[in-house]
1. So what are the ³J(HN,Hα) numbers for the range 36-42, from phi and the Karplus equation (6.51, -1.76, 1.60; θ = phi - 60°), rounded to whole Hz, Gly and Pro as x?
2. Around residue 261, under 13 Å between beta carbons, what's the net of Lys plus Arg minus Asp minus Glu among the other residues?
3. Using label points projected 7 Å from each Cα along Cα→Cβ, tell me how many nm separate residue 104 and residue 26, to one decimal.
4. Using per-residue counts of other Cβ atoms within 10 Å, averaged over each peptide, order 24-35, 158-169, 187-198 from highest down.
5. Starting from the amide H of residue 232, placed 1.01 Å from N in the peptide plane, find each other amide H under 5 Å away whose residue is 5 or more places distant or on another chain.
6. Would you grab the residues whose amide H sits under 5 Å from the one on residue 83? Only those 5+ places off in sequence or on another chain, please, with H modelled 1.01 Å from N.
7. Pulled fully out, how much extra length does the chain show between residue 206 and residue 242, if you take 0.36 nm times their separation in residues and subtract their Cα-Cα distance?
8. With a 10 Å radius around each residue's Cβ, average the other Cβ atoms per peptide and rank 263-269, 106-112, highest first.
Amino acid sequence: MLGTYFYHEIIRKTVIAFGTLFNDIHVRHQDSTGKDISQIKVPISYGPKQKFLARLQQQPELNKAVQITLPRISFEMNNIQYDPSRKSGIAQTFKANDTGKLKKVFMPVPYNLGFELNILTKLQDDSLQILEQILPFFQPGFTLTIDLVDQIGEKRDVPMVLENIAFTDDYEGNFETRRALIYTLSFTAKTYMFGPIADSTDGLIRKVQIDYYSDSNTRTAKREQRYTVKAAAKKDYNEDTVIDQYDDPLIPPGDDFGFTETSTFFGDGKEFSPTRKVDL
């Protein structure tokens, strides 16, 4: 299994989805009469807060003072951890449709991605405006639907859970030092990791058969009724101008189909052999 190349971009998609949550936050400034005098869309970037704090004081050119502007939001992924509480069967698989071809996929593995969102401002009111545009949506989680595996169209609901909020006032040194108020929000994204996708050799389930018995003891009980459901085609797949039972085996994965149901009653005491597919 190891050595088979695959890359579903699940971590990348989760990082992008997380950052997109906070890319439309604004800060307004008002005068003494309560009239809006400015509105700023808060920029967001991926990176650690130390990087932005360093740039806050930098002057790349001696004759051109260029410093980072506040307010600003930064975020980064800081850990990946397996989540055993959401674990499913290790060897379980499920079938998926890939443009008409049946694929076999192992059940995904649950992982938690840790994120840190940093709100950097120079005014406390700016910080509070940003916080109040975020916190009401997390109780404590906000669920996003992410297309984790494009190849099979596998979409999953990924909760983004707010774990903690911390505050620091990075104001040290002389009067020339720029002040930076920092609110740090810690999140956990409960996502899933998928392994390689293989062609399925089992085929589609086109028939379901159930035998009913008169007693719960299957060793002595005799069958009384058999209920059978088969997939029924709704299109003329073999192009013979007639939609009949010969079209049923040609139904492709993901296509629409109907059902035919039959009930049969028995009094012979026989049992159905799944391996030999006959009544014995």
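What follows draws every value from the coordinates through simple rules; no lab data is involved. These figures come from a predicted structure and were not determined experimentally. Here the Cβ positions follow ideal geometry from the backbone for every residue, glycine too, while neighbour counts run over all protein chains shown.
1. With coefficients 6.51, -1.76 and 1.60, one gets 5, 10, 7, 9, 10, 7, 6 Hz.
2. Values: positive: 207, 226, 230; negative: none.
Net of charged neighbours comes to +3.
3. Computed distance between label sites residue 104 and residue 26 equals 5.5 nm.
4. On the way: 24-35: 10.8, 158-169: 14.9, 187-198: 18.7.
Per-residue Cβ counts within 10 Å, averaged per peptide and sorted highest first, yield 187-198, 158-169, 24-35.
5. Under 5 Å from the amide H of residue 232 lie the amide H atoms of 258, 259, 260, each far enough along the sequence or on another chain.
6. Sorted by chain and number, the residues that satisfy this are 111, 112.
7. Length difference between fully extended and current span is 11.0 nm.
8. Details: 263-269: 9.7, 106-112: 17.6.
The packing order, highest mean first, is 106-112, 263-269.
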